[in-house]
Amino acid sequence: MDNVIGIAGLVKRFGSTTALDGLDLTVRRGEVHGFLGPNGAGKSTAIRVLLGLLHADAGVVRLFGGDPWRDAAALHRRLAYVPGDVNLWPNLTGGEVIDLLGRLRGGLDEVRRRRLVADFELDATKKGRSYSKGNRQKVALVAALASDVDLLVLDEPTSGLDPLMEAVFQRHVEQFRDTGGTVLLSSHVLAEVEQLCDRVSIVRAGRCVESGSLADLRHLTRTSVEAELVRPVDGLDSLAGVHDLDQDGRRVHFQVDSDELDAAIAALSRCGIRALTCAPPTLEELFLRHYGDEAPQGEPVPA
Amino acid sequence: MNLTGTGVLLRHHLRRDRWMLLAWAAAVTALYYSQAVSVAGLYRSQADFDSAAATMRHNTAFVAMAGPARALNTIGGQVTWQAAAFGAILAGLMSMFLIGRHTRVEEEKGRDELVRAGVVGRHAPMTAALLVAMIGNLVLGVGVSASLLSWPLAAADSIALGVGLTLCGWLLSGTALIAVQLASSARSAYGIAGLVIGAAYVLRAVGDVGNGALAWLSPIGWYQAMHAFSGLRWWPAVLLLAGAAVSTTTSYLVFERRDIGAGVLAARPGPSRGRLHGPLDLAWRLQRGSVLGWSAGLLLIGLAYGSMGHDVGSLIGSSRSTRDLFVQGGGSLVAGFYATAVAMVALLCVGFATSSALRPRGEEVDGRVESLLATGLHRSRWLFAHVMVTVTGTVLALGLGGLGLGLGFAMVTGDARNVGPWLLASLSYVAPVLVLAAVARLLYGLVPRLTSLAWLALAFCVVVMLFAEAFRFPQWVRDLSPFDQLARVPEEDFRRWPFVALLVCAALLSGAGQLAFRRRDLR
Ligand SMILES: Nc1ncnc2c1ncn2[C@@H]1O[C@H](COP(=O)(O)OP(=O)(O)O)[C@@H](O)[C@H]1O
Ligand SMILES: [Mg+2]
């Protein structure tokens, strides 16, 4: 088995809402797989089916080649999961929770536990009720990263972490991958996925709309540039990789493929840069641009 | 003080709480009014009443439980005696929950931040919470006064009993508001506020049994010192009002000394390493407070019932219907009374058993199960651990309740022969109590949305036990209550088969619930 996770045609309904509508997802051994989609796309639902917490309405779900609904506990010994919304017991300390989850998974690596607690600057003596969201997430991350498993399932794990802790998180995920581990990382932030992932699946309205390596999806990772120049610039539209150019005298606004960024900025700087903002496009912008035609029917169309 | 937005918040709170406030008012009013009803129905002649009153006044356990014995041979005196202390406790608990709910809990859940980001003054949230509690206590007082006036009892005394209750509630609202500033979590705030209420009760109990001095340290003591229906005096009400003003002012001063979201007392750190090894450790750790609390409570209630000793005959009086309630099988009055007492302890224990059976539901709703079940822990083992705690806790609580009955009786009468038999009698109720817990478990497994229906099952059993005789319920309705299947020990002899059948029934229902849980989605 080379696929750690194999999901095909997965359907999950909650009453009248269809959360997953024929989702496909394949995660290969040893890769960090980004599971990208806007809020409400169905990422958490897919993960909960994958963990056997929810029962699939239709489709095939394989985890380590087994059926996660039937063999949940046995399969779970080989993975660690960090939920999107970490809730702790109000009267247990972070340390107690880390040790409990570790033991239920079959043991913790003591050395790694100590290092993780230090790296994440976690106070393990605090009670669950006094942790902030970010700290609750750290507790779950330490518990997951300190256990000896083959697969990490992380549901938007950095949504409460500050940038410094995000870097710590990324370092540890990379280490885990370098020792042969597999990671499924869900996120709605493109930049995070770009940093860490080998392959990405993009999910929207319960369905996978794109899947491939980051190079395949390079067209998604444009940078949005806005600049105010000393004198008007010419010939931007003829540069490779520049899109959606909007020029108004000395102000320009355009998107540029990340690998052509250098050339575009060089062209701007020849005309003297007064102000410059570069930003990765938000996921919502991406979706509007690439999949806008697939937007749900019946939305009002501006006249 | 910056109070901008208090009005908006207050209206919002009252909207959210209107049913809860009504329920508290109904319960507390019923507590007072039902004393009048039951006393009036209990004694057929004044001579009966006088002799019962004499017995009560000399029973130290009663005085400790209820308060100073004054004018016990009048309906008003009985109402005051039986209801005032417990009414004050209920008013205190209501105030504590209302204030906690709108201050600490909101801060804990992060909703407070959202509110404070709006056009809301610094002191508005706590002031709105305080006003809700004050309005709640006002409603309690009005309900009590109005119900007693409608009886009709003496007007001034009826009003005083309500006014005293309201003021006592205001004072305890103030202390609850202080507790909320001190503690850094809702749980410990409830702990501190509950301790104050408990201390007030204990001080007055010790004072009333002794020379009365300590009762003057307790707001409940001040309330009772108003001597409603036994030579009414109003000046203790001024003490209550002053106490309310002082405690409330203090709470605002303490508020200035803390940050939003934190308490004056920092949360204590705990161990950095865990000793919990598996699901059973965890389930016990989560439920042990509830198990020990209920067990201690039932022990005390057992002791209280037991300490009535042989006096039950004169206390119950000669009213036919009351005798019927207590002595359903035609045995002796004392045996009949204690058979009913054992059953009451068991009914209370259903409160523990049902809430314990529903604890997994709370864990699931609060989103703490996901992480657990994503480990090597099997769902059914997780749930079974909670089942074990429910069963163990039920046995412990019922055992201590039964033990309390026997020990209380022995302490008052010096006759310890009943300790063993009554302990066994109480334990025989393990079967029906577990049946009701199993009903809750089945609901949890099948339709978790409807778990609150489990409480209806308890309500049904209470109604059958209290009213089946008086209202002549048909036999098949009575048969539906698992409590009615069991022999009324010690009045009747223990019968093995109903006990075994009920145990089997409990096991089957609980097993079905656990199976259903394995097959459903987790939320
Ligand atoms: N237990 C549930 N009951 C009803 N609807 C749900 C439930 N869980 C998720 N949904 C719905 O399914 C959709 C997908 O949700 P989710 O998987 O949480 O999205 P994501 O994690 O990608 O933000 C949403 O529309 C959400 O409202
Ligand atoms: Mg999600």
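The values are calculated or read from the model by the stated rules, or taken from the named source; none is laboratory data. What you see is a predicted model; the values in this text were computed from it and never measured. Here Cβ is always computed from backbone atoms with ideal geometry, including for glycine, and neighbour counts include all displayed protein chains.
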Does residue B:523 satisfy the condition of being in contact with a helix residue (DSSP H, G or I) (Cβ under 7 Å, 6 or more places away or on another chain) and crowded, with 22+ Cβ neighbours inside 10 Å?
no
Residue set A:136, A:115, A:129; condition free of Cβ contacts under 8 Å to residues at least 12 places away in the same chain and more than 16 Å from ligand 1 (Cβ to nearest atom); output residue A:115
For region A:12-50, the count of residues that are within 16 Å of ligand 2 (Cβ to nearest atom) and not in a strand (DSSP E or B) equals 14
If you go through A:240, A:167, the only one that is in a helix (DSSP H, G or I), surrounded by fewer than 17 Cβ atoms within 10 Å (Cβ to Cβ) and away from ligand 2 (no atom under 16 Å from the Cβ) is A:167
Exercise. Would you call residue B:29 in contact (Cβ under 8 Å) with a residue 40 or more places away in the chain, touching a Leu at 6+ places or on another chain (Cβ under 7 Å) and of a type in the set (S, T, N, Q)?
Worked result: no
Note: among B:174, B:164, B:191, just one is more than 22 Å from residue B:65 (Cβ to Cβ) and crowded, with 21+ Cβ neighbours inside 10 Å, namely B:174
Those residues of region B:435-454 that are among the charged types (D, E, K, R) and in contact (Cβ under 8 Å) with a residue 12 or more places away in the chain come to a total of 1
Of A:8, A:72, the only residue that is more than 16 Å from ligand 1 (Cβ to nearest atom) and at pLDDT below 95 is A:72
Is one or more of the residues making up region B:294-303 assigned to a helix (DSSP H, G or I) and surrounded by fewer than 17 Cβ atoms within 10 Å (Cβ to Cβ)?
-> yes
The condition of being of a type in the set (Val, Ile, Thr) and more than 16 Å from ligand 2 (Cβ to nearest atom) holds, among A:82, A:97, only for A:97
Filtering region B:202-223 down to residues that are buried (at least 19 other Cβ atoms within 10 Å of the Cβ), touching a residue at least 60 places away in the same chain (Cβ under 8 Å) and over 20 Å from residue B:246 (Cβ atoms) yields B:205, B:208
Residue pairs qualifying under the 6 Å Cβ cut-off, at least six apart or on distinct chains, with the first in region A:41-67 being within 17 Å of residue B:370 (Cβ to Cβ) and of a type in the set (Gly, Ala, Ser) and the second being in a loop (DSSP other than H, G, I, E, B) and within 13 Å of ligand 1 (Cβ to nearest atom), are A:42/A:206; A:44/A:84
Wholly inside region B:55-131, helices (runs of 4 or more DSSP H) that include 2 or more residues that are in contact with a Pro (Cβ under 8 Å, 6 or more places away or on another chain) and under 30 Å from residue B:310 (Cβ atoms) are none
Check: Before we move on, is residue A:155 touching a Lys or Arg at 6+ places or on another chain (Cβ under 8 Å) and not basic (Lys, Arg)?
Finding: yes
Requested in this report: Confirm whether residue A:216 is assigned to a strand (DSSP E or B) and loosely packed, with under 13 Cβ neighbours inside 10 Å.
Outcome: no
The residue that is nearest to residue B:12 (Cα to Cα), considering only those in region B:147-157 that are assigned to a helix (DSSP H, G or I) and free of Cβ contacts under 8 Å to residues at least 60 places away in the same chain, is B:149
*asked:* Based on this model, can you work out whether residue A:187 counts as buried (at least 16 other Cβ atoms within 10 Å of the Cβ), of a type in the set (Ser, Thr, Tyr) and touching a Pro at 6+ places or on another chain (Cβ under 9 Å)?
replied: yes
Those residues of region A:105-156 that are more than 9 Å from chain B (Cβ to nearest Cβ), surrounded by fewer than 18 Cβ atoms within 10 Å (Cβ to Cβ) and not in a helix (DSSP H, G or I) come to a total of 6
- Task: Report whether or not residue B:466 is at pLDDT below 95, out of contact with any helix residue (DSSP H, G or I) (no Cβ under 6 Å at 6 or more places or on another chain) and under 21 Å from residue B:401 (Cβ atoms).
- Result: yes
Item to complete: Determine whether region B:191-212 contains at least one residue that is within 14 Å of another protein chain (Cβ to nearest Cβ) and over 30 Å from residue B:379 (Cβ atoms).
Response: yes
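Let's see how each residue does on (1) among the basic types (Lys, Arg); (2) more than 8 Å from chain A (Cβ to nearest Cβ):
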| position | (1), (2) |
| --- | --- |
| B:253 | no, yes |
| B:273 | yes, no |
| B:278 | no, no |
| B:289 | no, yes |
| B:292 | no, yes |
* Asked: For region B:500-514, does any single residue satisfy the condition of being under 27 Å from residue B:303 (Cα atoms) and in a helix (DSSP H, G or I)?
  -> no
Note on region A:68-85: residues touching a residue at least 24 places away in the same chain (Cβ under 8 Å) and of a type in the set (A, V, I, L, M, F, W, C) are A:79, A:80, A:82
Regarding residue A:190, is this residue within 16 Å of ligand 1 (Cβ to nearest atom) and at pLDDT 95 or above? no
Selection from region A:57-99 of residues at the interface with chain B (Cβ under 8 Å from one of its Cβ atoms), touching a strand residue (DSSP E or B) at 6+ places or on another chain (Cβ under 9 Å) and part of a loop (DSSP other than H, G, I, E, B) yields A:83, A:85, A:88, A:89, A:90, A:91, A:92
Residue in region A:26-43 that is within 14 Å of chain B (Cβ to nearest Cβ), buried (at least 23 other Cβ atoms within 10 Å of the Cβ) and closer than 22 Å to residue B:366 by Cβ present
no
